[in-house]
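Undergrad: Before I ask anything, here is the structure I am working with.
The values are calculated or read from the model by the stated rules, or taken from the named source; none is laboratory data. Bear in mind that the values here come from a model prediction, so they are computed numbers and not experimental data. Here Cβ is always computed from backbone atoms with ideal geometry, including for glycine, and neighbour counts include all displayed protein chains.
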């Protein structure tokens, strides 16, 4: 766990954060920020008011530094605050304490510059729009002219070029999630936020989708944060895995995944994969049983 | 299959009612106030009364249509503006509830003195429609899935754009439910408005036939009003089914 200290940030200034950012410049007007963004979480906590003076500590004192272009997986028991942490990074919730910066800026700024892509467990496709129009939606939501080539390219990337005109109800669960991921990637985000995107799929489809996501991600490396219940999924996809303790969510363990890329379905048969999986599964069980004993 | 079954239930229901009416009328169970249905029909198809009824029904239909369109537009616009300027929402909700709480009966005379006899039927119809559509549209906005809200927020979408691209299409099925409710109240509102002293229309016909004890004319006018309401309702239901299929909802 030597990297735990490395990951825990003490006092990274904005200047350092900006220096660390690498990659090709975007042609957008926000010329100062480029490429996959580094993310810094400093003493992040979230407390929800439940009414009648009661409060719920969902996330407690999380420190984490995510490098630009890194793939991070957040795992932990249900209700441990993984999704809350993710929603705070995505700017959908404000932290009660601490700060989150993405390439030195607040998540809200990141949202305003359309640097974020999100895909959730519920695909969230608009039922009245075709697959093509759903992928094109972020352009319209952001008030940008639709780049039709980019939309075509993304649909092809997720293997749905032939289904461009299909409505969501005509697509299978896996296909809908692929459209949802294409939508998340269409504006070339610096940060990709994935909240259990394959949680509702059957085991076989899920493995295939993981493989797809791995392929897509390696074609356009983006700082990615994935929340998942599946340790297997986390080990297969991530560079680093953060294990969160039961409520209030703390980072209990951060594990580097030493598997070579590109990874394929046969990666899951490698001894290294099995070892990491076994280790993390044991750690997860451990953390969860400790939580229930308290 | 189900459409045919529904239609059959309808026919059975209506014919039962008609047969019962005929019997009740012939036996004079309700005295002279309820003539047999056949008598009402015989009266209505006399050229002179047909002409009078259709002319009045046409005026009422026009009043109800204007009222329906105006009331629906106002209801939808108010609900939408509350979505764009959030601070407005609470105030608009309260105002709308108050407006709805004023009995139409009390408003009628006020309308006569403000908008005039000519436009009172349209105004009462619009008022009756407005609240149904307003509440239904608000309900539609409440039902926008959270994941759709998250997606719009994640792109820093302007309120009006989110409304146009995500919230309004989501609210459409509910809005149309409101229109379905509203269209019957529009006919009712128009007749009520005419009652207060419009130059012509079914409402005027109903008042004068009641005062002159023209029972057959009174029932004919009532039946025409009902048929108009029901026809408009079914037209909208048909439109709703079509639209929902188009929207994939």
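Undergrad: Residue A:137: farther than 30 Å from residue A:55 by Cβ, in contact with a helix residue (DSSP H, G or I) (Cβ under 7 Å, 6 or more places away or on another chain), modelled with pLDDT under 90 and in a helix (DSSP H, G or I), yes or no? If you could, list the steps in order and put the result at the bottom.
TA: Working: farther than 30 Å from residue A:55 by Cβ: yes; in contact with a helix residue (DSSP H, G or I) (Cβ under 7 Å, 6 or more places away or on another chain): yes; modelled with pLDDT under 90: no; in a helix (DSSP H, G or I): yes.
Taking the combined requirement at face value, the residue does not satisfy it.
Undergrad: I want to confirm something. Restricting to segment B:112-161 and keeping residues that are touching a residue at least 24 places away in the same chain (Cβ under 8 Å) and within 12 Å of another protein chain (Cβ to nearest Cβ), which single residue is farthest from the chain's Cα centre (by Cα)?
TA: Looking at residues that are touching a residue at least 24 places away in the same chain (Cβ under 8 Å) and within 12 Å of another protein chain (Cβ to nearest Cβ), I get B:159.
Undergrad: Follow-up. Just wondering, is there one or more residues in segment B:174-181 that are more than 30 Å from residue A:137 (Cβ to Cβ), in a helix (DSSP H, G or I), out of contact with any strand residue (DSSP E or B) (no Cβ under 9 Å at 6 or more places or on another chain) and away from chain A (no Cβ under 13 Å)?
TA: First, pick out the residues of segment B:174-181 that are more than 30 Å from residue A:137 (Cβ to Cβ): B:181.
Then keep just the ones that are in a helix (DSSP H, G or I); that gives B:181.
Subset that is out of contact with any strand residue (DSSP E or B) (no Cβ under 9 Å at 6 or more places or on another chain): B:181.
From what's left, away from chain A (no Cβ under 13 Å): B:181.
Looking for residues that are more than 30 Å from residue A:137 (Cβ to Cβ), in a helix (DSSP H, G or I), out of contact with any strand residue (DSSP E or B) (no Cβ under 9 Å at 6 or more places or on another chain) and away from chain A (no Cβ under 13 Å), one finds at least one in segment B:174-181, hence yes.
Undergrad: So, one more: When you scan segment A:192-294 for helices (runs of 4 or more DSSP H) that lie fully inside it, which ones turn up with 2 or more residues that are modelled with pLDDT under 90? Break it down into steps so the answer makes sense when it comes.
TA: On the way: elements: A:203-219, A:231-237, A:271-293.
Once the helices (runs of 4 or more DSSP H) in segment A:192-294 are filtered for at least 2 residues that are modelled with pLDDT under 90, what remains is A:203-219, A:271-293.
Undergrad: Among the listed residues B:242, B:246, which satisfies the condition of being closer than 21 Å to residue B:68 by Cα and within 14 Å of chain A (Cβ to nearest Cβ)? Reasoning before the result, please.
TA: Numbers: B:246 fails: closer than 21 Å to residue B:68 by Cα.
Step by step, each of B:242, B:246 is checked, and only B:242 is closer than 21 Å to residue B:68 by Cα and within 14 Å of chain A (Cβ to nearest Cβ).
Undergrad: Then there's this: Among residues belonging to segment A:154-176 that are within 13 Å of chain B (Cβ to nearest Cβ) and in a helix (DSSP H, G or I), point out the one that is surrounded by the most Cβ atoms within 10 Å (Cβ to Cβ). Walk me through it before giving the result.
TA: Keep residues of segment A:154-176 that are within 13 Å of chain B (Cβ to nearest Cβ), which gives A:165-171, A:176.
Among the residues that remain, those that are also in a helix (DSSP H, G or I) are: A:168-170, A:176.
Details: A:168: 20, A:169: 10, A:170: 13, A:176: 22.
The extreme case among them is A:176.
Undergrad: In addition: Which residue, of A:146, A:179, A:151, is surrounded by 22 or more Cβ atoms within 10 Å (Cβ to Cβ) and either in a loop (DSSP other than H, G, I, E, B) or within 14 Å of another protein chain (Cβ to nearest Cβ) (or both)? Talk me through it step by step, then tell me what you get.
TA: Working: A:146 fails: surrounded by 22 or more Cβ atoms within 10 Å (Cβ to Cβ); A:151 fails: either in a loop (DSSP other than H, G, I, E, B) or within 14 Å of another protein chain (Cβ to nearest Cβ) (or both).
None of the others qualify; the one that does is A:179.
Undergrad: Can I ask one more? Residue B:166 passes all but one of (1) closer than 23 Å to residue B:229 by Cβ; (2) touching a helix residue (DSSP H, G or I) at 6+ places or on another chain (Cβ under 6 Å); which number fails?
TA: Unmet condition: (1).
Undergrad: Report the residue count in segment A:182-191 for those that are outside any helix (DSSP H, G or I) and under 17 Å from residue A:125 (Cβ atoms). Lay out the reasoning, then the answer.
TA: Taking segment A:182-191 first, the residues outside any helix (DSSP H, G or I) are A:186-191.
Imposing the further condition that a residue be under 17 Å from residue A:125 (Cβ atoms) reduces the set to A:186-187.
Of the residues in segment A:182-191, 2 are outside any helix (DSSP H, G or I) and under 17 Å from residue A:125 (Cβ atoms).
Undergrad: Please go through segment A:92-118 and give me each residue that is surrounded by fewer than 23 Cβ atoms within 10 Å (Cβ to Cβ) and on the phi > 0 side of the Ramachandran plot, ordered by number.
TA: A:98, A:104
Undergrad: Residue check, residue A:73 against (1) touching a residue at least 60 places away in the same chain (Cβ under 8 Å); (2) surrounded by 23 or more Cβ atoms within 10 Å (Cβ to Cβ); (3) touching a helix residue (DSSP H, G or I) at 6+ places or on another chain (Cβ under 9 Å); (4) under 26 Å from residue B:157 (Cβ atoms), all met but one. Which one?
TA: Answer for residue A:73: the failing condition is (4).
Undergrad: Additional query: Do the conditions hold for residue B:231, that is, is it touching a strand residue (DSSP E or B) at 6+ places or on another chain (Cβ under 7 Å) and without any contact (Cβ under 8 Å) to a residue 12 or more places away in the chain? Outline the logic, then answer.
TA: On the way: touching a strand residue (DSSP E or B) at 6+ places or on another chain (Cβ under 7 Å): no; without any contact (Cβ under 8 Å) to a residue 12 or more places away in the chain: yes.
Spelling it out, it is not the case that residue B:231 is touching a strand residue (DSSP E or B) at 6+ places or on another chain (Cβ under 7 Å) and without any contact (Cβ under 8 Å) to a residue 12 or more places away in the chain.
Undergrad: Of everything in segment A:74-132, what is farther than 20 Å from residue A:38 by Cβ, within 11 Å of another protein chain (Cβ to nearest Cβ) and in a strand (DSSP E or B)? Give them in sequence order.
TA: Answer for segment A:74-132, where residues must be farther than 20 Å from residue A:38 by Cβ, within 11 Å of another protein chain (Cβ to nearest Cβ) and in a strand (DSSP E or B): A:119, A:120.
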